[in-house]
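Values quoted throughout were computed directly from the atomic coordinates according to the rules given, and no laboratory measurement underlies them. Everything numeric in this text was worked out from a predicted model, so none of it was measured. Note that we place each Cβ from the backbone using ideal geometry, even for glycine, and neighbour counts take in every protein chain shown.
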């Protein structure tokens, strides 16, 4: 079993805090298929330019995305594609939980309908 110190746990928690914001997840997902500028990310995320820019700055400072200035526009891209492996793992787990909840609800509804008849 790997032993971690308090500094490591703090860094891990900070990383997950970065991903705990829905707008940041929307931005990362928007960058999944390639680089985008702020205007494109605003359109994809439904956020305001100020809000998207704020989250881009946070993601960039955390080295999750890269900013490339070209002329009057800045383009953003993912630095490490493995972030999507983590997202797929979490999404898969949530899908399994939701499927189990649906199955439990269907069983409950069937039992209630049987008792009503």
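Worth pointing out:
- Acute angle (nearest 10 degrees) that the helix 6-19 long axis makes with the longest principal axis of the chain, alpha-carbon atoms: 80 degrees
- Relative packing of 18-28, 60-70, 97-107, which averages over residues the other C-beta atoms within 10 Å, highest first: 18-28, 60-70, 97-107
- Residue 1/residue 77 FRET efficiency (R0 25 Å; Cβ-Cβ; nearest 0.05): 0.10
- Among 9, 15, 76, sorting on how many other beta-carbon atoms sit within 10 Å of each Cβ, with the fewest leading, yields 9, 15, 76.
- Residues 85, 6, arranged from fewest to most other Cβ atoms within 10 angstrom of their Cβ, appear as 6, 85.
- Fully extending the segment from residue 95 to residue 51, taken as 0.36 nm per residue of separation minus the present Cα-Cα distance, adds 12.9 nm.
- As a proxy for reagent exposure, 58, 109 were ordered by neighbouring Cβ count within 10 angstrom, fewest first; the result is 109, 58.
- Pairs of alpha carbons in region 1-80 whose separation is greater than 14 Å (percent): 63 percent
- Amide N proximity, region 31-46 versus residue 66 label position 7 Å along Cα-to-Cβ, cut-off under 14 Å: 34-36
- Compared with the dominant principal axis of the Cα atoms in the chain, helix 49-61 is inclined by about 80°.
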